[in-house]
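Structure record follows, encoded as structure tokens.
The values are calculated or read from the model by the stated rules, or taken from the named source; none is laboratory data. This structure is a prediction, so every number in the text was calculated from the model and none was measured. Glycine gets a Cβ as well: all are built from the backbone with ideal geometry, and neighbour counts include every protein chain shown.
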Amino acid sequence: MPPKRTQFSVAEKSALRAYHEQYPDLTQPALAQWFEAQTGKPIRPNSVSEILSKRYTSLDSNPGGGKLAKRLKQRSCDYPVLERILSDWVYRQERFLIITAELIKEKARSFWPRIPEYNGIPIPDFSNGWVDRFKSRHGLRYRARHGEAGSVIDCPTMATDLAYIQAKVAQFAPSDQYNCDETGLFWKLVPDRSLSSQTLPGVKKEKSRITIHHACNATGSHKLPMWVVGKHKAPRAFRAAGVKDVDALGIRWRWNKKAWMTTEIMVDWLRWFDKQMSGRQVLLLMDNFSAHLAAINELELMPKGLGLENTEVVFLPPNTTSRLQPLDQGIIASFKARYRRSWIRFMLEQHELGYNPLQTMNVLKAIQFSIRAWDEVSSTTITNCWAHSKVNLNPIQTPLDVGSQQVIQSIQDDLIQLRTQHQIQQAMEINQLIDPPDEAVIDPDNEIDEELLALHCPVEEPESDCEEIIEELPVVTPKQMLQLLQDLKLGETQSDDCSAESIRWLERYEKIVKERHLKGLKQAGIRTYFSRDQIDPHLL
């Protein structure tokens, strides 16, 4: 006989609906996992779908008085945008200010009229009860935490801090030790020293910026795809190139008005990172940037099964990242050196063709240069930087990394060529060019309120029509790709230094394109198949 169907109470159903309302981006399997963790009852995704349907909308106003629903109802908030801004403000300021209930209420009142979503709505009466619930929802208890995921180290001496971190790191194999950090990137930075102090006629100081989040392990065997934060949800350069999904290029694209790392993006990244570590237990070192602290706090407040399952986070002490964080010991600088090399070579090529590279460069090319640069950062560079960071008691011995020095030398040679062509007046000092100080991602000392409002009220900045020449690229069909691949294979076969590996690589890619083409034909239908122009039979 069929198994007996599990019965769910009214309170359990209303709790599921309330939780879905609080976290609308969660998938049905994730909701099912949370529900089972809370109730001890297994639930199928189709049952989750049924409970979330219009059939049960009445439960939203009458949850049935169950304890689970009541607890979730208390956790919800009436002003989510204000809460995100206010909680971020607390995390940024609690190291410098004594945060009181009156101060929280004062900041809530000051933020309210500046949030577009609340225009025309009277400022609420932010009572002491509201402040208590706000603190409860965001875990604001202002305590130092040691040894657990999300622990903030607040030790009096550098030696004590370092000993604590080294003891933690020693519990994990080098391949399971990870570090993550973000950096700004001025992707059209002109390498002219004169522009750093003055603006020349007709040329403005170029500050087009994206933020890039890197992560890798101590052996350099695992470099995770970069997360890139820009100013626009769908830049014109993506559309002009026919790029439908920029993430398919090998990065994750996010956006906000300031191209800044936010708490929400960091929460998404941490959950994504944790999924990459499935079946493992790893250590993740992070600096105490406010978005990092706030993201960990949010994850700690999530129910079991929705936070970090495979990752233990340890924060580096304040003001020590330049000495202790592996990515800051040269890994990010190595990435930037390779990016600047691609950018400067692009400048030389464009000048030779008679174009202005500041106009022909766009954010899609910047992403492509960044992907190439991150791929080129060697495991030798990474292991050397981890050893130099002193977080590991037994640093891995590695040979001298000469690759980065060769990159720097090639940049210097290209700068000389740019100056010879009179494209720049005076080349920047090489370290200033590779890693400008104002690219660093730090908590701002001033204008914090404006920064937070810009981050959490996502108004996309309009794209300028005059600063860039966006070339509309043609759509390349699978038929054209297959013909090009045939030509490339023939050309490789005829070359004096023919490479069998290159031909095999082209054949593997040719197989992928053929499969895409045939899949497209099947989807178009048999009638469309026989009516369209056919691909040459010899290509198949």
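When the stretch 303-347 is filtered for residues that are free of Cβ contacts under 8 Å to residues at least 24 places away in the same chain and among the hydrophobic types (A, V, I, L, M, F, W, C), only F346 remains. Listed by first and then second residue, the pairs with beta-carbon distance under 8 Å, at least 6 apart or on different chains, first residue in the stretch 28-46 and over 15 Å from R17 (Cβ atoms), second hydroxyl-bearing (S, T, Y), are K41/T6; P42/T6. Answer yes or no: is there a residue in the stretch 417-433 that is more than 30 Å from D161 (Cα to Cα), touching a His at 6+ places or on another chain (Cβ under 9 Å) and either assigned to a helix (DSSP H, G or I) or at pLDDT 85 or above (or both). Scanning the stretch 417-433 turns up at least one residue that is more than 30 Å from D161 (Cα to Cα), touching a His at 6+ places or on another chain (Cβ under 9 Å) and either assigned to a helix (DSSP H, G or I) or at pLDDT 85 or above (or both).
Given the structure, is K204 at pLDDT below 95, within 26 Å of N256 (Cβ to Cβ), assigned to a loop (DSSP other than H, G, I, E, B) and over 27 Å from the mean Cα position of the chain (by Cα)? If you could, list the steps in order and put the result at the bottom.
Details: at pLDDT below 95: yes; within 26 Å of N256 (Cβ to Cβ): yes; assigned to a loop (DSSP other than H, G, I, E, B): yes; over 27 Å from the mean Cα position of the chain (by Cα): yes.
Yes, satisfied.
For the stretch 276-310, the candidate set comprises residues that are part of a helix (DSSP H, G or I) and either under 19 Å from A218 (Cα atoms) or among the hydroxyl-bearing types (S, T, Y) (or both); within that set, the residue that is modelled with the lowest pLDDT is S290. Total residues in the stretch 221-252 satisfying the condition of being in contact with a strand residue (DSSP E or B) (Cβ under 8 Å, 6 or more places away or on another chain) and in contact (Cβ under 8 Å) with a residue 60 or more places away in the chain: the figure is 9.
Residues in the stretch 159-186 that are of a type in the set (D, E) and either within 18 Å of N288 (Cβ to Cβ) or in contact with a helix residue (DSSP H, G or I) (Cβ under 7 Å, 6 or more places away or on another chain) (or both): D161, D181, E182.
Check the stretch 244-259 and report whether any residue there is crowded, with 18+ Cβ neighbours inside 10 Å and within 25 Å of K135 (Cβ to Cβ). No, the conditions are met nowhere in the stretch 244-259. Of all residues in the stretch 34-56, exactly one satisfies the criterion of being assigned to a loop (DSSP other than H, G, I, E, B) and polar (S, T, N, Q), namely S53. If you filter the stretch 260-271 down to residues that are at pLDDT below 95 and hydrophobic (A, V, I, L, M, F, W, C), you find that the one that is surrounded by the most Cβ atoms within 10 Å (Cβ to Cβ) is M261. Checked against the criterion of being of a type in the set (A, V, I, L, M, F, W, C), modelled with pLDDT of 75 or more and surrounded by 13 or more Cβ atoms within 10 Å (Cβ to Cβ), the stretch 58-68 contains not a single residue that satisfies it. Residues of the stretch 324-335 that are surrounded by fewer than 23 Cβ atoms within 10 Å (Cβ to Cβ) and over 19 Å from P174 (Cα atoms): A333 alone. Hey, could you check the stretch 320-360 for residues that are charged (D, E, K, R) and at pLDDT 90 or above and say which is farthest from A387 (Cα to Cα)? If we take residues in the stretch 320-360 being charged (D, E, K, R) and at pLDDT 90 or above, then E349 is farthest from A387 (Cα to Cα). Of all residues in the stretch 434-457, those that are free of Cβ contacts under 8 Å to residues at least 40 places away in the same chain and either in contact with a Pro (Cβ under 7 Å, 6 or more places away or on another chain) or not in a helix (DSSP H, G or I) (or both) total 4. When the stretch 32-55 is filtered for residues that are of a type in the set (F, W, Y) and modelled with pLDDT of 80 or more, only F35 remains.
Only one residue in L485, L453, L473 is within 22 Å of H517 (Cβ to Cβ), among the hydrophobic types (A, V, I, L, M, F, W, C), at pLDDT 75 or above and surrounded by 10 or more Cβ atoms within 10 Å (Cβ to Cβ). Which one? Quick ask: steps written out before the conclusion?
Numbers: L453 fails: within 22 Å of H517 (Cβ to Cβ); L473 fails: at pLDDT 75 or above.
Of the residues listed, the single one that is within 22 Å of H517 (Cβ to Cβ), among the hydrophobic types (A, V, I, L, M, F, W, C), at pLDDT 75 or above and surrounded by 10 or more Cβ atoms within 10 Å (Cβ to Cβ) is L485.
Residue count for the stretch 222-249 satisfying the condition of being under 12 Å from the mean Cα position of the chain (by Cα) and small (G, A, S): 1.
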